[in-house]
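No lab work stands behind these numbers, since they all come straight from the coordinates. Everything numeric in this text was worked out from a predicted model, so none of it was measured. A quick note on method: Cβ atoms are made from the backbone with ideal geometry, for glycine too, and the neighbour counts reach across all protein chains shown.
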Amino acid sequence: MLNTVSELLRKPFKDNPLNKGKLYTGGLFKYAIHINYLGDCLWVLGLALISNNIYSLLIPLFLFLVFILGYIPKSDDYLQNKYGEQFTLYKQKTKKLIPFIW
């Protein structure tokens with residue numbers, strides 16, 4: 001839900017031609033830059049927990065590490081190059097992945 005809702009809230013902004021070249025910082029993205037990645041981590045963690053298999057917890061851990069070490073740095077570089085100062089200001093006031101924490 002977290003991933004889907006965050007993307008659905010962003011869609012009207014992105015579809016509006018007046019917002020071309022503007023960075024979306026509203027909706028759930030005001031709480032974390034990569035809130036959609038957090039949603040992915042949480043649903044995979046939920047599946048691992050209901051599987052009742054301790055080893056299945058390695059999957060969400062691996063996914064979390066892939067986001068932290070791979071996707072987030074690459075995405076941040078892309079956003080910085082595309083939006084420049086807009087992204088600089090956004091990342092100064094917004095957590096990366098986990099609202100209110102990191």
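Nearest 20 debye, what's the magnitude of the dipole of segment 23-102 about its Cα centre given +1 on Lys and Arg Cβ and -1 on Asp and Glu Cβ?
It comes to approximately 200 debye.
In the list [x] 15, 50, 29, 6, 1; [y] 15, 41, 31, 10, 3; [z] 14, 46, 27, 11, 2, the label attached to P(r) over Cα pairs in 10 Å bins from 0, in percent as derived from the coordinates here is [y].
Restricting segment 1-85 to chymotrypsin sites (Phe, Trp or Tyr not before Pro) that sit in a DSSP loop and have at most 15 other Cβ atoms within 10 Å of their own Cβ leaves TYR31. Only helices enter the 222 nm calculation for the chain: every DSSP H run of n ≥ 4 contributes -39,500 (n - 2.57), and dividing by all residues gives -18500 deg cm²/dmol, rounded to 500. Scanning the chain for helices, which whole DSSP H stretches are 18 Å or more long along the axis (Cα) and average 0.0 or more by Kyte-Doolittle? Length and hydropathy pass: 35-50.
Sites listed here are trypsin sites (Lys or Arg not before Pro) in segment 1-42 whose DSSP assignment is loop and whose Cβ has at most 16 other Cβ atoms within 10 Å: LYS20, LYS22.
Listed by chain and number, the aspartates and glutamates whose C-alpha is less than 18 Å from the C-alpha of LYS95, apart from same-chain residues fewer than 8 away, are GLU7, ASP40, ASP76, ASP77, GLU85.
The residue among LEU8, LEU42, TYR24 whose Cα reaches farthest toward the positive pole of the charge dipole of the chain, with charges on the beta-carbon of Lys, Arg, Asp and Glu, is TYR24. Placing unit charges on the Cβ atoms of the charged side chains and taking the dipole of segment 11-88 about its Cα centre, the candidate lying farthest along the positive direction among ILE59, GLN86, SER75 is GLN86.
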